[in-house]
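See structure below.
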Amino acid sequence: MADEAKAKGNAAFSSGDFNTAVKHFTEAINLSPTNHVLYSNRSAAYASLHQYDAALSDAKKTVDLKPDWSKGYSRLGAAHLGLHQYEDAVSAYKKGIEIDPNNEALKSGLADAQSAATASASRARAAPPPNLFGDAFQGPEMWAKLTADPTTRVFLQQPDFVKAMQEIQRNPSKLNEHLQDQRVMQALGVLLNVKFKAGGGDDMEVPEADLPPAPSQPAKQESKKPDPVPEPEPEPMEITEEKEKKEKKEKALKEKETGNAAYKKKDFETAIQHYTKAMEIDDEDISYITNRAAVYLEMGKYEDCIKDCEKAVERGRELRADYKMIAKALTRKGTALVKMAKCSRDYEPAIETFQKALTEHRNPDTLKKLNDAEKAKKELEQQEYFDPKIADEEREKGNESFKQQKYPEAVKHYTESLRRNPKDPKAYSNRAACYTKLGALPEGLKDAEKCIELDPTFSKGYTRKGAVQFFMKEYDKALETYQEGLKHDPNNQELLDGVRRCVEQINRASRGDFSPEELKERQAKAMQDPEIQNILSDPVMRQVLVDFQENPKAAQEHTKNPMVMNKIQKLVTAGIVQLR
């Protein structure tokens, strides 16, 4: 709503309808009372209406809201100049130039104010008759009057006329050089509210002090609205926020590029200076803040990095910035928090920050950082929880429960033992035995394999794994496990008994000594085994099986191939093939 009213005000100002412009700018201010640009625009409109007291009030408000905005001091200087407060005008323009040394509008305004101040001081010393021509050409009101008059507005489109009027404004004594120009005479009449007859002779000269007092004109002529015709604006009183924004962005981007170059050279202090300057010039781009945060991160100033990231997120939400930029700031904050983490609990805010970043934008880099943080937290928790003494106590409690056939309770104690000491193969072996008793064969198999991984020479791990596989009726795999255990402990009776039981079951399968229900169950289970599926899908093995049925001579040749016979044996053990 405020932007809509502001746009209407800008359009009215550009067409010379300053009263309407004031109305719309006032509406916008009521909707957005802290917007400094709106007060600046209304100040310009008041100045164009010669209401300099109101223009001064709005200019002061502009400066109060945005002290580092050079345009505010331009408005302040123009208002003081319109009120003939020359010293105050000079002071305002100088302050603006301190902020923006290259601003031509401020330089021009300062020159006008200084010229007017000098002229005022000279008149005060000499006390000559009032210089009506000089006053007519002073200040920005001259251009406002020429713009408001339909006749002289056309002249403002002609560069030579504008140049002549600027020359006279700087030095009123130059008027005599331009009296032959009827446009200048017409403009003089508009400025003094008098009418000159057209067609003055070549010898016509008007002395500066001999002009009669300007007759009063009806108020209607003063407030007459100009036709809505586009006109040039030689005095920089127009609203040009877009142009200023573009210039600011260009300056800020140059600072950013210089900062990037310094960052690549590891000149972090210089990079920070340039990123900070870019932030001061343009506060509507959070990339300058996130870049500075990256420098702080490299320097190890993690708290400063976090502050900048939080500032970037807050400002980004105000500006409705790209969600990817918000995610980048959050990811950078999470990285800084990870760098500062000293215990497992310190990782919690970092993990939360990474999760927030992923809700903004699911970036692979952020996801990896989250996974790494969660992994590091878990490892630290294990380290912090590690206590071999308590682990042994819990394992003994589990053994007691196992003897009493309290298997769920035993699992609980073994699990706590492993949390206290995750490198204990005995605890894994014992828990595998509990899972086997409870019928949780996949969990038992997993624990037995972990036990073997931690200590490949620990025979109990092989007996646990072989027992689970035997109960799963994977006799060939169980046989391999028992045989592997015997390599480390050749005289282990449990392993030897396991081999014997597996051989009995495999021989039984070879004879086909199964009931139809058992055979059907074994075949269905075998068909889910990826190894069996690969054997059956192999064209060579399929031909071998055909030869065993139809071509005994070819089958004899196949029996000489160890690889083929090994696969045949697997099919026999699984109940898929029977040898008669």
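The values are calculated or read from the model by the stated rules, or taken from the named source; none is laboratory data. Note that the structure is a prediction, hence the values are computed from the model and not measured. Cβ placement follows ideal geometry from the backbone for every residue including glycine, while neighbour counts extend to all protein chains displayed. The area values use the complete protein model at the heavy-atom level, side chains included, leaving out ligands, DNA and RNA. Shrake-Rupley method; radii C 1.70, N 1.55, O 1.52, S 1.80 Å.
All of K389, K377 fail the test of being crowded, with 16+ Cβ neighbours inside 10 Å, in a helix (DSSP H, G or I) and among the basic types (K, R), apart from K377. Here V295 meets each of (1) under 49 Å from the mean Cα position of the chain (by Cα); (2) within 30 Å of S173 (Cα to Cα); (3) at pLDDT 75 or above with one exception, condition (2). Is at least one residue of segment 91-99 closer than 22 Å to K248 by Cα, assigned to a helix (DSSP H, G or I) and among the aromatic types (F, W, Y)? Yes, there is a match, as at least one residue in segment 91-99 is closer than 22 Å to K248 by Cα, assigned to a helix (DSSP H, G or I) and among the aromatic types (F, W, Y).
Helices (runs of 4 or more DSSP H) wholly in segment 403-504 with at least 1 residues that are open to solvent by less than 20 Å² (accessible area, probe 1.4 Å) and under 30 Å from Q382 (Cα atoms) - which ones?
Filter on segment 403-504 gives 407-420, 425-438, 441-454, 459-471.
Applying the set (1) assigned to a helix (DSSP H, G or I); (2) surrounded by fewer than 15 Cβ atoms within 10 Å (Cβ to Cβ); (3) in contact with a helix residue (DSSP H, G or I) (Cβ under 9 Å, 6 or more places away or on another chain); (4) not hydroxyl-bearing (S, T, Y) to E318 leaves exactly one unmet item: (3). So for segment 29-40 (the condition being without any contact (Cβ under 8 Å) to a residue 60 or more places away in the chain, among the β-branched types (V, I, T) and under 22 Å from I281 (Cβ atoms)), does at least one residue qualify? Checked segment 29-40: at least one residue is without any contact (Cβ under 8 Å) to a residue 60 or more places away in the chain, among the β-branched types (V, I, T) and under 22 Å from I281 (Cβ atoms).
Mind checking which residues of segment 251-294 are outside any helix (DSSP H, G or I) and surrounded by 16 or more Cβ atoms within 10 Å (Cβ to Cβ)?
Let us first name the residues in segment 251-294 that are outside any helix (DSSP H, G or I), namely 265-267, 282-286.
Those that are outside any helix (DSSP H, G or I) and surrounded by 16 or more Cβ atoms within 10 Å (Cβ to Cβ): D282, D285, I286.
If the condition is being crowded, with 23+ Cβ neighbours inside 10 Å and more than 20 Å from K245 (Cβ to Cβ), then segment 23-51 contributes H24, A45, Y46, A47, S48.
Rundown of residues vs (1) of a type in the set (K, R); (2) within 16 Å of the chain's Cα centre (by Cα); (3) not assigned by the TED database to the domain that holds L253, yes/no style:
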position	(1), (2), (3)
D285	no, yes, no
E318	no, yes, no
K324	yes, yes, no
M340	no, no, no
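Restricting the first member to segment 93-111 and to residues that are basic (K, R), and the second to residues that are open to solvent by less than 30 Å² (accessible area, probe 1.4 Å), the beta-carbon pairs closer than 6 Å and six or more apart or on different chains are K95/Y73.
The number of residues in segment 309-359 that are touching a residue at least 24 places away in the same chain (Cβ under 8 Å) and under 28 Å from E379 (Cβ atoms) comes to 25. Flag set for G334, criterion: touching a Pro at 6+ places or on another chain (Cβ under 9 Å) and surrounded by 17 or more Cβ atoms within 10 Å (Cβ to Cβ). Condition first: under 23 Å from E494 (Cβ atoms), among the basic types (K, R) and modelled with pLDDT under 95. Can you find one or more residues in segment 368-388 that meet it? Looking for residues that are under 23 Å from E494 (Cβ atoms), among the basic types (K, R) and modelled with pLDDT under 95, one finds none in segment 368-388, hence no.
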